[in-house]
Amino acid sequence: GVLLWNVFSIGQALLLFTPWKPAVPSGDENSESRSPFALAEVAVGVAVLAPFLEPFGLLDHWPAWSVYSARTERVTVVVPVEVVDELPESARSHVVPVLLGDRVRVRLDAWSLTSLGVPLYPQERFRVGVALALVRTLPPDVPVRIVVDGLPGRFDGRRVREVVEGRDAIAERIRRFRLNAEPKPFGRRE
C-alpha cells in the first residue's frame, strides 16, 4: 500500500508541477494564458505554508500538518470523587485518581477513543468545549476545575499551566476563542 501511495504521489507531483502551456488561438498571440492548474498550485502553496501559521495560533494543529505532534495543548477535567456517579456512564470508566486529595480526573482522550472511536481533536478550544459539556452534566454547585497546559515553548519545552475553577470560569474561557467552542447541550443540568 505504501509503494502504491508513493507512486500516486509522484504522479500527482508531476501532474501539478510539470510546465504546461496551452496553445494560443490564432490571431490572439499577445494574450497571456493561464495554466489550468493555477487553482491546484495555489492550494499546494497554502498547504506548504500552513505549518508556518500554526505557531502563531493562526491555524489549527491538524490543518497545519501537526497531526502527530506532541506540541498540542492539554486539558484535564478534575472533579470531586463523590460526584463520579453523576458523570455520564461512558465517562465513568475513564476516571483516574489525583495523587493527593479527594479529587479525580477524567481522561478526555481515552473517553473519546472508547465512546466515538476517534482521538480527541487537539485544539484547546475544542478540548475546553468538551470539558464544559462534561461539567454541565454535573449539578451546578459541584466545585470543578480544568487544568490547561498550553503549548510547549519552542526552545525549552516548558508549558504554561493554568487552572480554571468553576463552571462559570470555564464558560468564560470559551468566549476568548475566535472560533466557536460552545458545546452542544447533552445531559445538561441547570
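The values are calculated or read from the model by the stated rules, or taken from the named source; none is laboratory data. Just so it is clear, the model here is predicted, and its values are computed rather than measured. Cβ sites come from the backbone with ideal geometry, for glycine too, and all protein chains shown count toward neighbours. With ligands, DNA and RNA removed, areas are computed over all heavy atoms of the protein, side chains included. Shrake-Rupley method; radii C 1.70, N 1.55, O 1.52, S 1.80 Å.
The residues of region 123-158 that are surrounded by 15 or more Cβ atoms within 10 Å (Cβ to Cβ), farther than 18 Å from Arg105 by Cα and touching a Lys or Arg at 6+ places or on another chain (Cβ under 9 Å), listed by number, are Arg125, Leu151, Pro152. Can you say whether Asp109 is open to solvent by less than 20 Å² (accessible area, probe 1.4 Å), closer than 21 Å to Asp60 by Cα and among the charged types (D, E, K, R), as far as the supplied structure shows? Here the answer is no, as Asp109 does not meet what is asked. Out of (1) free of Cβ contacts under 8 Å to residues at least 24 places away in the same chain; (2) under 25 Å from Leu58 (Cβ atoms); (3) open to solvent by less than 40 Å² (accessible area, probe 1.4 Å), what's the single condition that is false for Val95? So the condition that Val95 fails would be (2).
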